[in-house]
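S.K.: Below are the structure tokens for one structure; questions will follow.
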Amino acid sequence: MGASQAAPSQKFFTSNTAALPPSAPARAWWTWLLALGVAALIWWSFRGVGVDLGMLLGSESRRQMLSYLLDLYPPDLTSATVRSALWGSIETLAISLMGTLLAVLIALLMVGGASRALTTSGVLFTMPGAGRGRRLTLLGLSLLARGILNILRAIPELIWALIFILAVGLGPFAGVLALGVHTGGVLGKLYAETVESLDPQPLEALQATGAGKVAIFLYGMLPQAAPHFLAYGLYRWEVNIRAAAILGFVGAGGLGKQMYVSLSLFHHHQLLTQLLALFVLVTFVDAVSTWLRRRLS
Amino acid sequence: MSQAPATSQAMSGTTACILRLHLLSKRFGSQQAAVQGITLNVRRGETIAVIGPSGAGKTTLFRMLNLSLPPTSGSIIFAGSPVASLGPKQLRAVRRRIGSIYQQHHLVGRLRVLHNVLSGRLGRWPTWRALLSLVYPLDLGDAAAALRAVGLADKLYERTDHLSGGQQQRVALARVLLQDADLILADEPVASVDPQLADEIVELLVTLGREAGKTLIVSLHHVGLALRYFSRVLGLRDGEITFDCRPDEVTPLMLAELYGGDRVFGGRSRQADHASAAPAMPLPTTCLHFQPPATAT
């Protein structure tokens, strides 16, 4: 970093000024417009949500937060509380696991319709072959599948949980359905995009043997995409363990339900026990998932 | 270029020809045509080598012949039926009769060898059999026999991407054997293996093809292999056929013109000269398409 090191590179650059590369082509005007638009959006959001650091860190609020946190200590370690926190953790784990499995199932069922690679474009659609009617049918199917996924994804787990509680009553089952349906929408989109970005050459080779689309999916796409499908599923499981805890607040069982009760009844020490259980659970799931995903790649 | 094949077609009739190309061209976007105006008759049981420098249009021609890429203009007639007019079902039926081997194998690396070999059956199997076979392999005896024929009997359950390049090419060969196609196309099948292995694989391909009475079209980088193993040699340069001969008729001059950097003679001038120079003789015994450089006439 000294002058002695800078000197040769300086010379290198000065001696080459004659052969300067042509300057980069000017950016299109809309690039600047886009950047300006994004900046305006951020400013507007900042104003809109009423960011007030004084309110967050002011002396009065600081004192209140601190006293609340101090009130939580110590955790309630009586065997009844610990046992129920343990049981709640297991229930939350089960909800997240079943919910994610349901989501993977939904995504796998939808990926055939939602992926453009299987309905409208890409290596399987280079030859004219199919008639106009067939192409329109496939396009319609694809739009329908992607529309359904959009709806599943756009409605948050919490709202799905309220809907399913009306349908199947309070309890973990409603939580499983809520997680499964929302995450199914998320995974369905990710899976469809994965299938669209696979190496097309083995697919072309399979098509050249006269294989049909389902067979090409099974023999060419699924083996290539499987590790990605699994990795996305595991990542969403990490997200869902946290979501499953929240769902308890609206009555979908597990650790969340206990925390809601503790919060409402000001059982501070029990709340801390439950928070610690949740912390252990989330850390555990993250570790397992990360370990599995690393083994996949 | 249309004159000579028209004559030969009249002489040989249509039934003996498994494949007829008429003024076949492919243009990508506004670039120079990758393949232009190829007219060719291929008889059943012929073994044809296509040689030429890289960028001559071999792969583009190959992808049109195995019905992966639609031509910009011209027609392909396979076993008497023009492929442009085929519906999806018939297209699959024709593809089933054309086997393909690729330079980069185009196998599915994460599948076991046996499934890659069995994927040669996908054109024939209904979907439920394709699905079942992934769980409980069907036609296992045939797959094992095909692997024995290519000298990989012990690799049946290996994961495909654990095999060497040469071994993977043999797996691709076994897949084509299982497909039991009438016409076998191979695009630079040995470009990425070492020379000795290249010799073995080409010999294996030609021997297996001859034994089963298949028609073979193989593009090669290696002139020696083309002249040694094939009954007919085509020279391809700039998307056009420069000669079409028996191997013993190929002269050093033809090869020099094919591979030489002398693009002075290439392209249009050669074609303009063509009509008067082409001797109209029946395929495949006679040198048909060789044109001496423009300066020599």
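The values are calculated or read from the model by the stated rules, or taken from the named source; none is laboratory data. What you see is a predicted model; the values in this text were computed from it and never measured. FYI the Cβ positions are ideal-geometry reconstructions off the backbone, even for glycines, and counts take in every protein chain you see.
S.K.: Residues in the range A:170-179: is at least one of a type in the set (A, V, I, L, M) and over 19 Å from the mean Cα position of the chain (by Cα)?
M.R.: Checked against the condition, which is being of a type in the set (A, V, I, L, M) and over 19 Å from the mean Cα position of the chain (by Cα), the range A:170-179 yields at least one hit.
S.K.: Among what's in the range A:123-138 and is part of a helix (DSSP H, G or I) and surrounded by 14 or more Cβ atoms within 10 Å (Cβ to Cβ), pick the residue that is modelled with the highest pLDDT.
M.R.: Checking each candidate, the answer is A:Leu138.
S.K.: Next question. Can you find even one residue in the range A:263-275 that is in contact with a helix residue (DSSP H, G or I) (Cβ under 7 Å, 6 or more places away or on another chain), in a helix (DSSP H, G or I) and surrounded by fewer than 15 Cβ atoms within 10 Å (Cβ to Cβ)?
M.R.: Yes, the range A:263-275 contains a residue that is in contact with a helix residue (DSSP H, G or I) (Cβ under 7 Å, 6 or more places away or on another chain), in a helix (DSSP H, G or I) and surrounded by fewer than 15 Cβ atoms within 10 Å (Cβ to Cβ).
S.K.: Being surrounded by fewer than 24 Cβ atoms within 10 Å (Cβ to Cβ) and in contact with a helix residue (DSSP H, G or I) (Cβ under 6 Å, 6 or more places away or on another chain) is the filter here, so list the residues in the range A:165-181 that pass it.
M.R.: Residues satisfying the conditions are A:Ile165, A:Val168, A:Pro172, A:Leu177, A:Val181.
S.K.: Of a type in the set (Gly, Ala, Ser) and more than 16 Å from A:Leu97 (Cβ to Cβ), is that true of A:Ala178?
M.R.: Considered against the rule, which asks whether it is of a type in the set (Gly, Ala, Ser) and more than 16 Å from A:Leu97 (Cβ to Cβ), A:Ala178 comes out as no.
S.K.: Which ones in the range B:167-197 are surrounded by fewer than 19 Cβ atoms within 10 Å (Cβ to Cβ) and in a helix (DSSP H, G or I)?
M.R.: Hits for the range B:167-197 are B:Pro195, B:Gln196, B:Leu197.
S.K.: When the residues of the range B:52-94 are filtered to those that are hydrophobic (A, V, I, L, M, F, W, C) and more than 12 Å from chain A (Cβ to nearest Cβ), which remaining residue is surrounded by the most Cβ atoms within 10 Å (Cβ to Cβ)?
M.R.: So, considering only residues that are hydrophobic (A, V, I, L, M, F, W, C) and more than 12 Å from chain A (Cβ to nearest Cβ), the one surrounded by the most Cβ atoms within 10 Å (Cβ to Cβ) is B:Leu61.
S.K.: Restricting the search to the range A:111-135, which residues are hydrophobic (A, V, I, L, M, F, W, C) and within 14 Å of chain B (Cβ to nearest Cβ)?
M.R.: Selection gives A:Leu118, A:Val123, A:Leu124, A:Phe125, A:Met127, A:Ala130.
S.K.: What's the total number of residues in the range A:250-267 that are touching a residue at least 24 places away in the same chain (Cβ under 8 Å) and over 23 Å from A:Leu105 (Cβ atoms)?
M.R.: 7
S.K.: For a quick check of your reading: which strands (runs of 3 or more DSSP E) sit entirely within the range B:16-80 and have at least 2 residues that are in contact with a Gly (Cβ under 6 Å, 6 or more places away or on another chain) and within 26 Å of A:Phe125 (Cβ to Cβ)?
M.R.: Per the criteria, B:17-26, B:35-43.
S.K.: What's the total number of residues in the range A:113-153 that are closer than 17 Å to A:Tyr191 by Cβ and among the basic types (Lys, Arg)?
M.R.: 3
S.K.: Do you know which residues across the range A:199-225 are surrounded by fewer than 20 Cβ atoms within 10 Å (Cβ to Cβ), more than 7 Å from chain B (Cβ to nearest Cβ) and farther than 25 Å from B:Ile184 by Cβ?
M.R.: A:Leu222
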